[in-house]
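The block underneath contains the structure these notes are about, expressed in structure tokens.
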Amino acid sequence: VSVPVPFFHAGERAEEAAWLAALNAATDAFEVRPGRDMRAEDLARTEVAIVANPDPADLARLARLRWVQSLWAGVERLVGELQGVGIVRLVDPQLGRTMAEAVLAWVLYLHRDMPRYAAQQRARIWRPHEPVPASGRTVGILGLGHLGRCAAERLRANGFAVAGWSRTPKEAMAFETYAGAQGLADLLGRADIAVVLLPLTADTRGLLDAARLGQMKPGGCLVNFARGPIVDTDALVAALDAGRLGHAVLDVFATEPLPPGDPLWSHDRITVLPHISAPTHMTTAAGIVAANIAEFLKDGTIPETVDRGRGY
Ligand SMILES: NC(=O)c1ccc[n+]([C@@H]2O[C@H](COP(=O)([O-])OP(=O)(O)OC[C@H]3O[C@@H](n4cnc5c(N)ncnc54)[C@H](OP(=O)(O)O)[C@@H]3O)[C@@H](O)[C@H]2O)c1
């Protein structure tokens, strides 16, 4: 009988219990148990663990640990805290669909001028504005990984002009792509709406600073569905206040939950969302995690791990 696979979850017990049930329902190949309930000798033998915001001290007790499977797609905290162990992040087609839907929803919100009409309603102003066809809007996607590509596809299916930016140049994509520093300047200068779907790394932290925001098309809008620290919020607020940029939709923040006293809450050119653009879907994620671990236990295959050099 194989050693149970430990699960380290820092959140609420009820959520942990729901994950345990979903994970154990997803496989007969092994058992998942809370790491804190496992015997020290079993923990010392295990080569794999499932994690959701784990305490690094717990993982340090796993002497033979080779890799961890995260329940989340963004793993910047693990990359910083966990050395010498492979990190596998969640790649789930359902997550891609959920994110693509969120990107479409909030791009449509900006495209069809919803913030402006909401403000007009509050002021009882009846004033139509000329609509722009979707094909007349360029949506620039920063990050062409799993989520960026899903979002691009959904936007294209809805008639938007799409362009994308990534670290390495892309070939044979169905839309225009850019790479490198000059590529970002070119994309930002063209995009009516820029959507951030980059991982948080040493290179992307503070990427959208005053200089980069200054390269955006005048009146352009920003959607950040990736990680808060990628955008310099002071610079963003300054650009919105000056009327240089139109509106920002922010789902992620340097501090979450966003503190009640934060001025972002009441800025009329900022839409604040509570990190909801693409939550992990428990059932599909549990199936993917279980399949990854079952394969490892069968033949030693470890899924693609985070590249420490590039940080994602
Ligand atoms: N708000 C939410 O609810 C939510 C939910 C899930 C995920 N997320 C966030 O979304 C992020 C992206 O997820 P994913 O699955 O799409 O990641 P991914 O598959 O790893 O893709 C990352 C993309 O970003 C590009 N990139 C990375 N560093 C770059 C740099 N310095 N300059 C230019 N491009 C760079 C990569 O370029 P290459 O193609 O050249 O490698 C790749 O195209 C996650 O890291 C997470 O933080 C947020």
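Just for segment 194-228: of the residues that are within 24 Å of Asp268 (Cβ to Cβ) and assigned to a helix (DSSP H, G or I), which one is farthest from the chain's Cα centre (by Cα)?
Per the criteria, the residue is Gly214.
Find all pairs meeting these conditions: Cβ atoms under 9 angstrom apart; at least six residues apart or on different chains; first residue within segment 131-155 and more than 17 Å from Gly220 (Cβ to Cβ); second residue among the basic types (Lys, Arg) and more than 13 Å from the ligand (Cβ to nearest atom).
Pro131/Arg112
Answer with yes or no whether Leu65 is under 25 Å from Ile276 (Cβ atoms), at pLDDT 95 or above and surrounded by 19 or more Cβ atoms within 10 Å (Cβ to Cβ).
Here the answer is no, as Leu65 does not meet what is asked.
Being among the small types (Gly, Ala, Ser), out of contact with any Cys (no Cβ under 7 Å at 6 or more places or on another chain) and touching a residue at least 24 places away in the same chain (Cβ under 8 Å) narrows it down to one residue among Ala40, Ala52, Ala14; which is it?
Ala52
Could you identify the single residue in Ala291, Ala286, Ala235 that is of a type in the set (A, V, I, L, M), out of contact with any Phe, Trp or Tyr (no Cβ under 8 Å at 6 or more places or on another chain) and within 24 Å of Val88 (Cβ to Cβ)?
Only one candidate qualifies: Ala291.
Does any residue in segment 187-216 that is without any contact (Cβ under 8 Å) to a residue 12 or more places away in the chain come within less than 9 Å, Cβ to Cβ, of a residue that is surrounded by fewer than 24 Cβ atoms within 10 Å (Cβ to Cβ) and outside any loop (DSSP other than H, G, I, E, B) six or more places away or on a different chain, and which pairs are these?
Ala211/Ala235
If we scan segment 148-166, do we find a residue that is of a type in the set (Val, Ile, Thr), under 15 Å from the mean Cα position of the chain (by Cα) and not in a helix (DSSP H, G or I)?
No, that holds for no residue.
Quick one: would you say Ile193 is among the hydrophobic types (A, V, I, L, M, F, W, C), away from the ligand (no atom under 12 Å from the Cβ), in contact with a strand residue (DSSP E or B) (Cβ under 9 Å, 6 or more places away or on another chain) and within 29 Å of Asp241 (Cβ to Cβ)?
When the stated conditions are applied, Ile193 passes them.
Could you check segment 264-312 and list, in sequence order, the residues that are among the polar types (S, T, N, Q), surrounded by fewer than 18 Cβ atoms within 10 Å (Cβ to Cβ) and in contact with a helix residue (DSSP H, G or I) (Cβ under 8 Å, 6 or more places away or on another chain)? I'd like the intermediate steps shown before the answer.
As a first pass, look at segment 264-312 and keep what is among the polar types (S, T, N, Q): 266, 271, 277, 280, 283-284, 292, 301, 305.
If we keep only those that are surrounded by fewer than 18 Cβ atoms within 10 Å (Cβ to Cβ) too, we end up with 266, 283, 301, 305.
Within segment 264-312, Thr283, Thr301 meet the criteria.
Got at least one residue in segment 68-78 being within 16 Å of the ligand (Cβ to nearest atom), exposed (fewer than 14 other Cβ atoms within 10 Å of the Cβ) and either in contact (Cβ under 8 Å) with a residue 24 or more places away in the chain or among the polar types (S, T, N, Q) (or both)?
There is no residue in segment 68-78 that is within 16 Å of the ligand (Cβ to nearest atom), exposed (fewer than 14 other Cβ atoms within 10 Å of the Cβ) and either in contact (Cβ under 8 Å) with a residue 24 or more places away in the chain or among the polar types (S, T, N, Q) (or both).
When you scan segment 229-241, do you find a residue that is among the charged types (D, E, K, R), touching a strand residue (DSSP E or B) at 6+ places or on another chain (Cβ under 7 Å), more than 16 Å from the ligand (Cβ to nearest atom) and in a loop (DSSP other than H, G, I, E, B), even just one?
We begin by selecting, within segment 229-241, every residue among the charged types (D, E, K, R); these are 232, 234, 241.
Checking the rest, the ones that are also touching a strand residue (DSSP E or B) at 6+ places or on another chain (Cβ under 7 Å) come to 232.
Now narrow it down to the ones that are more than 16 Å from the ligand (Cβ to nearest atom): none.
The answer is no; no qualifying residue exists.
For Leu187, only one of the following conditions fails: (1) within 29 Å of Leu78 (Cα to Cα); (2) within 11 Å of the ligand (Cβ to nearest atom); (3) among the hydrophobic types (A, V, I, L, M, F, W, C). What is its number?
Condition (1) is where Leu187 drops out.
Going by the structure shown, is Pro260 loosely packed, with under 13 Cβ neighbours inside 10 Å and modelled with pLDDT of 95 or more?
The answer is yes for Pro260.
Scan segment 255-277 for residues that are over 22 Å from the mean Cα position of the chain (by Cα) and either of a type in the set (Gly, Ala, Ser) or outside any loop (DSSP other than H, G, I, E, B) (or both) and jot them down.
Gly261, Pro263, Ser266
For the condition in contact with a Lys or Arg (Cβ under 8 Å, 6 or more places away or on another chain), hydroxyl-bearing (Ser, Thr, Tyr) and within 12 Å of the ligand (Cβ to nearest atom), what is the one hit in Thr168, Thr177?
Sole residue among the options that is in contact with a Lys or Arg (Cβ under 8 Å, 6 or more places away or on another chain), hydroxyl-bearing (Ser, Thr, Tyr) and within 12 Å of the ligand (Cβ to nearest atom): Thr177.
The values are calculated or read from the model by the stated rules, or taken from the named source; none is laboratory data. Given the structure is predicted, the values throughout are model-derived calculations rather than measurements. Using ideal geometry, Cβ is built from the backbone for each residue, glycine included, and neighbour counts are taken over all protein chains shown.
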